[in-house]
Amino acid sequence: MSSPLLRNIPQKCVTSHCLGSPPLLCPMLLARGRVTGRFQIRHDTGGVRCRGFLGGLFGRGGTTTKQSQKPSLEDNLGPDVDELLLVETSQPDGSKAQILYRNGGPVAAADLESLCVKVGWPARPVSKVEAALRNSFMVSSLVLRVTLPPRPGSSESTTTTDGEAVVSEQLIGLARATSDHAFNATIWDVLVDPEFQGQGLGKALVEQMVRSLLRKDISNITLFADSKVVDFYRQMGFEADPEGIKGMFWYPKF
């Protein structure tokens, strides 16, 4: 069920459905970008030459040929922005409800854990969540912001660039990535508040994060997905078990 603040509003930049179930450990998926030179157009065949997954990891390896594909994320990276308006609706009194994508910026561990509980994930120690956020290479979030129009003589402590007073902000989605800062990144903790699912926000969140990583010249991007959302990620160019590569896991025996 969607939030009453955002019912019947025009959507900007979001056109698909978002994540439902929380991701569990299952097949490794990979998105690879052409911007780093690992992909080369072969004009004689119309295909794309790729150095392969291991070649991307270690800078060497065999080559395989991929057929030409329809435009993908790396074909339209867009500008590097810290904040992007995805959805906005206005009320008769001049107040607005906005959903913003933010790349970076503070995220409270307690707010993230509250969101995890809402989607049905097991509770985690807040101290460990704080450490995970602090040590992440990139943290992207979705924020619901409610504003009021500018009022003459008002001295609001928090305002937008348009002078609107910020009434409240609520974390409604998040994804974070760890990285070696050079070749590889892994996306974790992708989630969207159940009240705001079904509006394409999960897709927008992941796509914007992938674009941000590609702009930083990181093109081997992996994540773990529940079997129910593998097709969701495939629509954005992720591949399950690329070139037969399998994810391997080690668990304590206690």
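The values are calculated or read from the model by the stated rules, or taken from the named source; none is laboratory data. Computed from a prediction, not measured in an experiment: that's the story for all the values here. Virtual Cβ from ideal backbone geometry, glycine too; neighbours counted across all protein chains shown. Heavy atoms of the whole protein, side chains included, go into the accessibility calculation; ligands, DNA and RNA do not. Shrake-Rupley method; radii C 1.70, N 1.55, O 1.52, S 1.80 Å.
Computed from label points 7 Å out along Cα-Cβ, the spacing between V230 and R134 is 3.8 nm. Per residue, the convex hull spanned by the Cα atoms of region 162-244 measures out at 140 cubic angstrom. Give me the percent of accessible area attributable to carbon and sulfur for region 76-253, probe 1.4 angstrom. Of all accessible area on region 76-253, carbon and sulfur atoms account for 52 percent.
The protection proxy used here, the mean number of other Cβ atoms lying within 10 Å of each residue, ranks peptides 115-127, 93-105 as follows, highest first: 93-105, 115-127. Within region 99-154, the proportion of Cα pairs with more than 16 Å between them is 55 percent. The lysine pair tally for region 76-253, using Cα distances under 19 Å and a gap of 8 or more places or different chains, is 4. Projected over every direction and averaged, the convex hull enclosing the alpha-carbon atoms of region 74-131 yields 6.9 nm².
Accessible surface comparison of E164, E195, E239, probe 1.4 Å, protein chains only, largest first: the order is E195, E239, E164. What fraction of the Cα pairs in region 76-253, stated in percent, has a spacing above 25 angstrom? So the portion of pairs separated by more than 25 Å is 40 percent.
The candidates K246, K228, arranged from most to least accessible area with a 1.4 Å probe in the full protein assembly, appear as K228, K246.
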